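Rule-based calculations on the coordinates, nothing more; no lab input. Given the structure is predicted, the values throughout are model-derived calculations rather than measurements. So basically every Cβ, Gly included, is an ideal-geometry build from the backbone, and we count neighbours across all protein chains shown.
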Amino acid sequence: MRDFQQPGRSTVFAQNGICATSHPLAAKVAVQILEAGGNAMDAAIAGAVLLGICEPQSTGIGGDAFCLFNEAGSDEVLALNASGRAPAALEAAKLRAQGMDVLPLESVHAISLPGAMDGFIRLSKDYGKLGLKAALAPAIYYADAGVPVAPKVAFDYAQSGSTLHGAGRTHYMAQDKPLTTGQIFRSPMQAEVLRRVSMDGRAGFYEGEVAEDMVKSLNAAGGTHTLEDFANVRSDYTAPVSGTYKDIELVEHPPNGQGATAILMLNILKHFDIAGLDPMGTQRAHLEAEAAKLAYDTRNRVIADPDHTARLDHMLSAATAEKLAGLIDPNKALDPYLPTAEAVHKDTVYITVVDKDRMCVSMIYSIFHSFGSGMASDKFGILFQNRAAGFTLEEGHPNEAGGGKRPMHTIIPGMVKRDGKIEMPFGVMGGAYQPCGHARFLTNMEDFGMDAQTAIDAPRCFAEHGGLTVETGYSDKVAQDLADLGHIVKRADSPIGGAQAIKVHQDGLLEGASDPRKDGIALGY
């Protein structure tokens, strides 16, 4: 039990259904959908699309999504990949010839096609109950009426609003200035897009005037995107990957997502007595940082478009983890210049819903960097993601940029099973941090007995950019001890990610948790 004299939040318990996400309005709408007879998929779609209005810096209909879920009464975890591909005409050789060795985040060539909308449409048709019109109605209403800017959204506007340019500034700024806490953000043209999708389905977005607006805007900036590219966007059902840690099975989305990285991290950490360490102490943070360096280095060599990921079995094997664990010195940090996580911004939204029939949905939805590419379509104000920056331009690399390929993705939904039964949909936002976040969250619970809310609240650190970023929740002594082990320690200038989870207890009780690092809540009925 938490200390009620200290700041914090209680775990949320409910019997019929819960939504946990990063904005209260989206959680409220999701629960209303459940109360109106919708299932967890209807509620997750409604909440997710609304998050694009509540948190425009983090997500939107110009982005991508991944989903793990089950059907009511089944413990089989299903997966949908709704990430977009590069336009057909994108060629790494041409970009190298222009002097590029990476795809710049601000380049129009870093804009991949938006896959999320196709995913929402498909999931609604195949697994929803109420239909697409009902799922999109709340977002249409609030896009027209407006949503007050929440504190964390305003924080991100102040940090990253300068990335907006052209139509991006027109549609997402107020008189060419970043929005501040309490100001009303409206997007009537996005409401119009959603109305068209609710009436015409895919054709309302990937064909006709909306697609023409996107293509025209991209072409004017030098992009190679075509109407045919947009018409060809399709989400795909895939087979999840999984691994075990103690008594649980961690289920992750397969490549082009980086979920296998979390499994590899846990496989490495199995070789150490994590439970015997201080959960907030130096040694645990050190071992986690070293495991992350090695797992992310493996990720960078392996994860790519599903058609080009050839060594996934190697990444998931116990032998690989054992060899990597053998490289870790408990008393000394690995070379800080070992390739670790790429520089990515920590903006993404995650939503999880469990309904009365125990359908569980774990959905993550993003435009990559804060405000994505910073560029929006001229008429409808659809903010484009810069997810193709996840490609490499290294010739022959499995993740080399190429027409029609999906880039390596950082966003990963998670699901936990115990004794073969689904126990917990969860997710940890934060760009490249996400696999490390999955590992930390689960070891908090499995090794240290924390409940979901306490496990989320606990301080975080992350090995990135050749150093170790440490949240303020760690003591100065721990930070100094980590430096003494050879880590280049930097205090985090913003929270490391965010998280939500819903635990399904054996007696059917639902337990929801939501990260205080965001504006959101867990809400049940």
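Odds and ends about this structure:
- Full extension of the segment from residue 329 to residue 220, taken as 0.36 nm per residue of separation minus the current Cα-Cα distance, would add 33.9 nm.
- Calculated [θ] (222 nm, deg cm²/dmol) that DSSP helices of n ≥ 4 give over the chain, each run adding -39,500 (n - 2.57): -10500 deg cm²/dmol
- Of 477/518; 332/477; 28/518, those spanning more than 22 Å from alpha-carbon to alpha-carbon: 477/518
- With a Förster radius of 45 Å applied to the beta-carbon distance between residue 483 and residue 203, the computed FRET efficiency rounds to 0.20.
- Computed over the stretch 12-127, Cα set: Rg, Dmax in Å: 18.1, 60
- Each label was represented as a point 7 Å from its Cα along the Cα-to-Cβ direction; for residue 227 and residue 16 these points are 4.7 nm apart.
- Only Lys, Arg, Asp and Glu carry charge here, each on its Cβ (+1 for the first two, -1 for the last two); on that basis the chain has a dipole of about 660 debye about its Cα centre.
- Hydrodynamic radius by Kirkwood, which averages 1/r over all alpha carbon pairs of the stretch 85-168, in angstrom: 16.9 Å
- Residues whose amide H comes within less than 5 Å of that of residue 450, counting only those at least five positions distant or on another chain, are 445 (H built at 1.01 Å from N in the peptide plane).
- Greater than 24 Å apart at Cα, pairs in 133/216; 177/490; 177/379: 133/216; 177/490
- Beta bridge orientation in the stretch 286-443: antiparallel %, DSSP, nearest 5: 95 percent
- Exposure proxy order (Cβ contacts within 10 Å, fewest to most) of 85, 234: 234, 85
- Going through (i) 1.04; (ii) 0.94; (iii) 1.02, the figure that equals Rg/Rh (Cα atoms, Kirkwood Rh) as computed for the structure here is (ii).
- Taking the fewest neighbouring Cβ atoms within 10 Å as the starting point, the ordered list for 474, 433 is 474, 433.
- Converting phi to 3J(HN,Hα) with the Karplus coefficients 6.51, -1.76 and 1.60 and the offset θ = phi - 60°, the stretch 105-111 yields 4, 8, 6, 4, 6, 7, 8 Hz in sequence order, with x at every glycine or proline.
- Full-stretch length increase - residue 307, residue 145 - with 0.36 nm per residue and alpha-carbon distance subtracted: 54.0 nm
- Local charge for residue 223 was computed over the other residues whose Cβ lies under 15 Å away, with Lys and Arg +1 and Asp and Glu -1, and equals -3.
- Loop-located trypsin sites (Lys or Arg not before Pro) in the stretch 1-72, at most 15 other Cβ atoms within 10 Å (DSSP): 2, 9
- Among beta bridges identified by DSSP and lying wholly in the chain, the antiparallel ones come to about 90 percent.
- Diffusion coefficient, µm² s⁻¹, Stokes-Einstein with Kirkwood Rh over alpha-carbon pairs of the stretch 328-482 at 10 °C and 1.306 mPa s: 87 µm²/s
- Partner lysines for residue 503 [C-alpha distance under 17 Å; skip if fewer than 8 residues away on the same chain]: 356, 417, 421
- Packing-based exposure ordering (other Cβ within 10 Å, fewest first) of 67, 360: 360, 67
- Long-range HN-HN contacts of residue 257 with modeled amide H, under 5 Å: 409
- Net charge in the neighbourhood of residue 115 (other residues with Cβ under 10 Å of its Cβ; Lys, Arg +1, Asp, Glu -1) is +1.
- Between amide H atoms placed 1.01 Å from N, distances below 5 Å from residue 490 occur with 468, 469, 470, all of them 5 or more places distant or on a separate chain.
- Relative contact order computed over the stretch 13-133 (Cα-Cα under 8 Å; 6+ residues apart), in percent: 26 percent
- Relative frequency of Cα-Cα separations exceeding 20 Å in the stretch 9-69, percent: 28 percent
- Gap separating the Cα centres of the stretch 468-525 and the stretch 222-245, nearest whole Å: 30 Å
- For the stretch 261-324, the relative contact order is 46 percent, taking Cα pairs closer than 8 Å that sit 6 or more residues apart in sequence and dividing their mean separation by the residue count.
- Cross-link partners of residue 405 among aspartates and glutamates (Cα-Cα below 18 Å; sequence separation of 8 or more within a chain): 64, 91, 118, 228, 229, 236, 305, 307, 394, 395
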